[in-house]
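The values are calculated or read from the model by the stated rules, or taken from the named source; none is laboratory data. Just so it is clear, the model here is predicted, and its values are computed rather than measured. We place every Cβ from the backbone using ideal geometry, glycine too, and count neighbours over all the protein chains shown.
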């Protein structure tokens with residue numbers, strides 16, 4: 001008997017309201033100590049991401065965005081303060097042991113697909129290896145995700161045989177296979193051209209709208225930050241602090257034509273002015289440091 005379930009049935013029926021994925025950063029501080037010189041990278045950063053929320057973090061280069069993400073992911077220790085996920089402390093100045101876990105999955109800038117495995121083999125590797133799903137169960141779920149994002153015809157292709165946009169969609173699908181509480185995106189669309197970005201953005205939004213998984217997204221691209229997210233957080237130049245939180249009022253589902261609307265352009269100017277102000281400060285500080 002054929003399986004007549006839709007991809008939504010297999011990957012999880014549409015979630016109307018998320019009940020998990022609340023992230024809290026309470027006065028989170030990170031101090032690096034290279035060669036005995038203290039470098040304050042993130043200073044008393046407070047933010048809260050609600051269950052199922054899509055949060056974008058913007059700021060000038062070197063402001064501590066990735067450092068903050070790495071602390072949330074459990075890849076880097078917290079010097080002071082604490083980070084909670086659904087009320088559980090996952091990082092704290094009192095806890096020096098790093099604690100990455102399957103509840104937090106990161107998609108990086110550089111990509112991390114196994115080049116010797118096909119797209120579907122990449123997608124199912126994690127849950128099968130961890131014993132979460134059987135190979136058959138994982139394949140059904142993986143193919144449903146590939147279909148949802150327009151990649152089912154390329155399931156048996158190797159990463160080098162498909163475009164960068166297809167690779168990145170595959171990585172996001174792989175991140176979703178174990179049903180994480182939160183997904184951390186570290187500028188995963190940075191090297192893409194505008195058309196490819198648009199296609200990948202719409203795929204991400206389609207999956208997010210279905211599952212309502214919490215997303216913590218770092219980007220330098222203000223257009224994609226506004227287009228994708230519910231809120232945009234702007235960080236100051238180093239040491240990174242929360243400068244402002246901008247609520248994105250664009251209705252969902254989002255469509256590319258919204259990017260030409262007065263509302264979108266008004267939001268972009270607001271975010272640009274805040275980020276530009278910090279970028280100027282970073283440039284001026286760099287000039288002063290070089291002049292010493």
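Some notes on this structure:
- Every listed requirement among (1) at pLDDT 95 or above; (2) closer than 30 Å to residue 152 by Cα; (3) within 18 Å of the chain's Cα centre (by Cα) is met by residue 119 save one, (3).
- Residue 141 vs. criteria exposed (fewer than 15 other Cβ atoms within 10 Å of the Cβ), outside any strand (DSSP E or B) and touching a residue at least 40 places away in the same chain (Cβ under 8 Å): no
- Of all residues assigned to region 98-115, at least one qualifies as being farther than 30 Å from residue 164 by Cβ and modelled with pLDDT under 95.
- Enumerated helices (runs of 4 or more DSSP H) restricted to region 187-292, each holding at least 1 residues that are more than 25 Å from residue 70 (Cα to Cα): 194-211, 262-291
- Residue list for region 46-59, restricted to those being farther than 15 Å from residue 225 by Cβ and either in contact with a helix residue (DSSP H, G or I) (Cβ under 6 Å, 6 or more places away or on another chain) or surrounded by fewer than 20 Cβ atoms within 10 Å (Cβ to Cβ) (or both): 46, 48, 50, 51
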